[in-house]
Amino acid sequence: DSGVTQTPKHLITATGQRVTLRCSPRSGDLSVYWYQQSLDQGLQFLIQYYNGEERAKGNILERFSAQQFPDLHSELNLSSLELGDSALYFCASSSRGPRGEQFFGPGTRLTVL
Amino acid sequence: GQQVMQIPQYQHVQEGEDFTTYCNSSTTLSNIQWYKQRPGGHPVFLIQLVKSGEVKKQKRLTFQFGEAKKNSSLHITATQTTDVGTYFCAGPPLGAGGTSYGKLTFGQGTILTVHP
């Protein structure tokens, strides 16, 4: 158990819908990262937040947005969903930014039908 | 942008054989991290290398960071069925700042299968 929690574990929805994925980092970790993992794309970095502020952005689509709240939990919002958005979405947290190890949550498996 | 490539993409070995995966970055890295993801699981941190030419060992696993800090390797001696999974390397570019500060670029991983 990494100490990072993600909900829900599974999510099945239809194209065009909007969903919210939630992540709670390890106690004390200020950095939260979101990744997308699909079969043919590997682990793709989406976005990082540090203590409530956006710090780094990867190839995150404009239909996707995220935020980190004062209690440090984070939410990833995916809207106007397409079939290609079906993937595993991981949240990770760290205490030292990119110079330290990241602890991954169990992931949310999103299926868009 | 920064690219991290790993080879091979797949590796099938008999239990007891050795295994090596190689990682190459298009840019100099601040550090290299290795993660293992078991089937159906999430990535788990294995190790971080920071210094040029650094070599670290964890039991049967040996990790190396290249002199130019652009490549790395993971070698497993005498594989066991518990070694099954996908091995990822990842690293932030050296001197990353601004909107790239937190960006950890992952290789596409090497999927290791061990036949008993």
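Values for this structure:
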| item | result |
| --- | --- |
| Among the residues listed as B:39, B:8, the single one being more than 12 Å from chain A (Cβ to nearest Cβ), over 29 Å from residue A:1 (Cα atoms), more than 11 Å from the chain's Cα centre (by Cα) and not acidic (Asp, Glu) | B:8 |
| One residue from B:62, B:77 being at pLDDT 95 or above and out of contact with any Lys or Arg (no Cβ under 7 Å at 6 or more places or on another chain) | B:62 |
| Checklist (1) under 15 Å from the mean Cα position of the chain (by Cα); (2) buried (at least 17 other Cβ atoms within 10 Å of the Cβ) applied to residue B:27, failing item | (1) |
| Residues of region A:42-70 that turn out to be basic (Lys, Arg) and either in contact (Cβ under 8 Å) with a residue 60 or more places away in the chain or within 22 Å of residue A:83 (Cβ to Cβ) (or both), as a count | 1 |
| Residue tally, condition more than 14 Å from chain A (Cβ to nearest Cβ) and under 20 Å from residue B:112 (Cα atoms), over region B:42-63 | 5 |
| Condition met for residue A:85 (closer than 26 Å to residue B:39 by Cα, crowded, with 18+ Cβ neighbours inside 10 Å, touching a residue at least 24 places away in the same chain (Cβ under 8 Å) and among the acidic types (Asp, Glu)) | yes |
| Region B:87-109: number of residues that are modelled with pLDDT of 85 or more and either touching a His at 6+ places or on another chain (Cβ under 7 Å) or under 17 Å from residue A:48 (Cα atoms) (or both) | 4 |
| 2 or more residues within 10 Å of chain B (Cβ to nearest Cβ) and under 11 Å from the mean Cα position of the chain (by Cα): qualifying strands (runs of 3 or more DSSP E) within region A:58-113 | A:87-94 |
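The values are calculated or read from the model by the stated rules, or taken from the named source; none is laboratory data. Please read these numbers as outputs of a predicted model, since none were measured by experiment. FYI the Cβ positions are ideal-geometry reconstructions off the backbone, even for glycines, and counts take in every protein chain you see.
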